[in-house]
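The values are calculated or read from the model by the stated rules, or taken from the named source; none is laboratory data. Here the structure is a predicted model, which means the values were calculated and not measured. Reconstructed Cβ throughout: ideal geometry from the backbone, glycine too, with neighbour counts over all protein chains shown. Ligands, DNA and RNA are excluded from the accessible area calculation, which covers all protein heavy atoms including side chains. Shrake-Rupley method; radii C 1.70, N 1.55, O 1.52, S 1.80 Å.
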Amino acid sequence: MTRDAPRRQRLRLDTPVTYLKGVGPVRADALRRLGIVVAGDLLYHIPHRYEDASTVASIASLETGMQGTVIGRVVSKGVLPTRKGLRIFQAVLRDESGLIEVSWPGQPYLDRTIAKDDVLLVSGSVRFFHGRQLQPREFVNLGNDDSGTAQGRVLSVYPATEGLSFKVIRGIIEAHLDELLPLVTEYLPREVLAGAAVQGIGDALRMVHRPSSLAEAMSGRDRLAFEELLFVQLLQLRARALSREVRRGIRFENRRSLTTALRESLPFQLTGAQGRVLREIFADMCSERRMQRLLQGDVGSGKTIVAIFSALLAMENGYQAAIMAPTALLAEQHLRSMTTLLTPLGIEPLLVTGSLRSRDRKALALRLADPAPALVIGTHALVQEATAFARLGLAVVDEQHRFGVEQRKALGAKGEAPDVLLMTATPIPRSLALTLYGDLDLSLLDERPPGRQPVDRAPAGGGARKGDAVRRTRDRGRSAGIRRVPGDRGVREAGPEGGDDDVRCPVGRSLLRARHRTAARTIAGRREGRDHAPVPRWYDRVARGDDGDRGRHRRAECDGDADRAPGAIRAVTAASTARTRGSRRRRVVLHPARRRGARDEAAARRVRGK
């Protein structure tokens, strides 16, 4: 009597499932395993697939080779063993038009789930094997009652659990659907629904549970999918807002002393995109929350000057700023360009690399221990324990995709919650994901400075062709180099201004070191009347020019790096370029250092010659 009392009341969305018709304690426990506790949960127990019974064909119309869907009653069944040990479950279906055999190879367990007189909905291909035989792709056991398919409707197949089949779940939902749907109220604004072109929640739930066609079922699922993505996005925005409130940082003040002086001394005007990005960065730095921002811009868009202005804002407030580059070459390049821009302001940037001498490193450590404002440029040495900042206010990571996650975090942990600015031209997927779902803000430099020439890329075939492409580019007054990309080889040009546009030529480190050592010897040899450095006999075949395409390819790569070399090395590479053109008047050979293996091979060759 106590249990029947709530049933006489009006059904509500929060009514426990134990009070629903056809649900007892055992079924209530099974529904609880599926996450269904109250009556409203039945509406959001969505079918995981559908069987279209509206296109059911008669058994007599099936022909060999065609795909078809039939509904029939099981008249006989059994398991057929084969000589190879395979057990095949077979059943014979019958409808008003005829009979057909259905075969499930390797599924003898179906003999326990499919009973005689059960009604099956089977979809699959028809083949000929001792008569017509249907190979089912999917099937649905409708039980022993086919009245639900008499009108040929779309059948919903629900996720089930042990002790509770999808047919029972479908019966429970079907029995209470008409009473539950009016209780659901729309909670999304009408403008949002119109903008997304989705159905209301009531119509969507009806389409999902009782569709008249597969298209209508998909339309209802689209509304639920849109709703789920919308709530996830709102949740992420809320989490980001909360993290910003918790993420306390340094509150800078835009004093407009160093930044204005730099703007007035620049030989060029900032672009509109640079001005917009600087306003975004300054707004973050002048707020109470800690800045975590990704600056994305193409090569040559002016990311470096944005980093300089950000560093000056930190220095105006008495803080130190650090800019970390992935290579010592790029760090030295930043040092030269920033020294040129900041010298009129009386600021001398500092360089921190792993190759510093012990005396210079100690002097630099004392300078960083002083809380006076400073601009530090360096490589991975900035994140080492030996490098300590007294008052770090801004950490800038150039080409952040070339650093590890822990390395970026280590630089940001050097001071007391310094602002962090990450710069890149090719952001990695993880960084892009953080801008969407994490606490990383995004700024875009989508405008190229006036007069900046675009970077061109072109495929360049073999070694000789690459050398010709480099020479043609340099003849036009632009720098060029060869960059190897997995699956793609080409020549990359760069603007004459340098900066971010400088070309990176991936020449082997050993060959580069050999060029530095050979340069001085070559200049000395010219003073003595020779046009090349002394070469051991092991390299005679290289001097003769019969080293094959591999050697020519390596020399052509070296040509593209000439703009980065000092004057002495540039002279050597110019001679190497003349040699690749076929000139026999001057032959300059770039070779690595003498190695024990080379001397042994040369000695063995001389013995074999004797």
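Leaving ligands, DNA and RNA out of it, work out the accessible area of Phe268 with a 1.4 Å probe and give it in Å² to the nearest 10.
Only protein atoms counted, so the area is about 90 Å².
Skipping prolines and chain starts, which residues have an amide H placed within reach, meaning under 5 Å, of the one on Arg391, given they are 5 or more residues away or on another chain?
The answer is Gln320.
Determine the shape class of the stretch 306-423: with a ≥ b ≥ c the square roots of the Cα gyration tensor eigenvalues, call it rounded for a/c under 1.5, and otherwise prolate if a/b is greater than b/c, oblate otherwise.
Verdict is rounded for the stretch 306-423.
Collect residues whose amide H, placed 1.01 Å from N in the peptide plane, falls under 5 Å from the amide H of Val352; neighbours closer than 5 in sequence don't count.
For Val352, whose amide H was placed from the backbone, the distant partners under 5 Å are Ile377, Gly378, Thr379.
Taking θ = phi - 60°, what integer Hz values does the Karplus form 6.51 cos²θ - 1.76 cosθ + 1.60 yield along the stretch 372-389, in sequence order, with x for Gly and Pro?
Values, residue by residue: 5, x, 7, 10, 10, 10, x, 10, 4, 4, 5, 8, 6, 5, 5, 9, 10, 9 Hz.
Kindly write out, for the stretch 288-302 in residue order, the coupling ³J(HN,Hα) from the Karplus curve 6.51 cos²θ - 1.76 cosθ + 1.60 (θ = phi - 60°), rounded to whole Hz, with x marking Gly and Pro.
After applying 6.51 cos²θ - 1.76 cosθ + 1.60, I find 7, 8, 7, 7, 9, 10, 9, 9, 10, x, 5, 4, x, 7, x Hz.
Per residue of the stretch 158-167, what does 6.51 cos²θ - 1.76 cosθ + 1.60 with θ = phi - 60° give for ³J(HN,Hα)? Whole Hz please, x for Gly and Pro, Karplus curve as stated.
Once θ is set to phi - 60°, the couplings for the stretch 158-167 become 9, x, 10, 9, 5, x, 8, 7, 5, 5 Hz.
Can you list the chymotrypsin sites (Phe, Trp or Tyr not before Pro) in the stretch 15-62 that are in a DSSP coil and have 13 or fewer other beta carbons within 10 angstrom?
Tyr44
Quick check for you: with a 1.4 Å probe and neighbouring chains kept, what is the accessible area per residue of the stretch 154-300, in Å²?
With the other protein chains kept in place, the stretch 154-300 gives 53 Å² per residue.
Could you list the GluC sites (Glu not before Pro) in the stretch 203-303 that lie in coil according to DSSP, counting only those with at most 14 other Cβ atoms within 10 Å of their Cβ?
In loop regions of the stretch 203-303 (DSSP not H, G, I, E or B), the sparsely surrounded GluC sites (Glu not before Pro) are Glu253, Glu288.
List the residues whose amide H sits under 5 Å from the amide H of Ser213, counting only those 5 or more places along or on another chain, with H placed 1.01 Å from N in the peptide plane.
When sequence neighbours closer than 5 places are left aside, there are no close amide H contacts.
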